[in-house]
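> This is the structure I have questions about; it appears just below.
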Amino acid sequence: MTQSTPEQTPAPTADRPREASWQGGSFWDPIDVETLAAQQGVGPVTNFDDLLGDFWPEDETADEFIATIRRWRREGSIGEPSDGRGSS
């Protein structure tokens, strides 16, 4: 695809939204979510399970996680605690 110059770029309309910066528009020009999604080729999530991750350790409860975060904040720690677990 060739990049158009500002003189060649048609004005945006409801049927023809503003083009992205790599297509001749300005990076800082506002763009609505629907247009951005169309440009990126993404659509709505149709299966909730697609959003779920598998990252939570089975042996750690949410309470332990929260306690660890609070302890790290009190200590000013960044990263893993010294004992590698996370419970206080």
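Every read-out reported here was derived from the displayed coordinates using simple, explicitly stated rules and does not represent laboratory data. Here the structure is a predicted model, which means the values were calculated and not measured.
> With θ set to phi - 60°, apply the Karplus curve 6.51 cos²θ - 1.76 cosθ + 1.60 along region 45-50 and write out the HN-Hα couplings as whole Hz, x wherever there is a Gly or Pro.
3J(HN,Hα) across region 45-50, in whole Hz: 6, 9, 10, 4, 4, 5.
> Follow-up. Can you compute 3J(HN,Hα) from phi for each residue in region 26-41, using the Karplus curve 6.51 cos²θ - 1.76 cosθ + 1.60 with θ = phi - 60°, rounded to whole Hz and x for Gly and Pro?
So the J values, rounded to whole Hz, are 8, 4, 8, 5, x, 9, 7, 4, 4, 5, 4, 4, 5, 5, 8, x.
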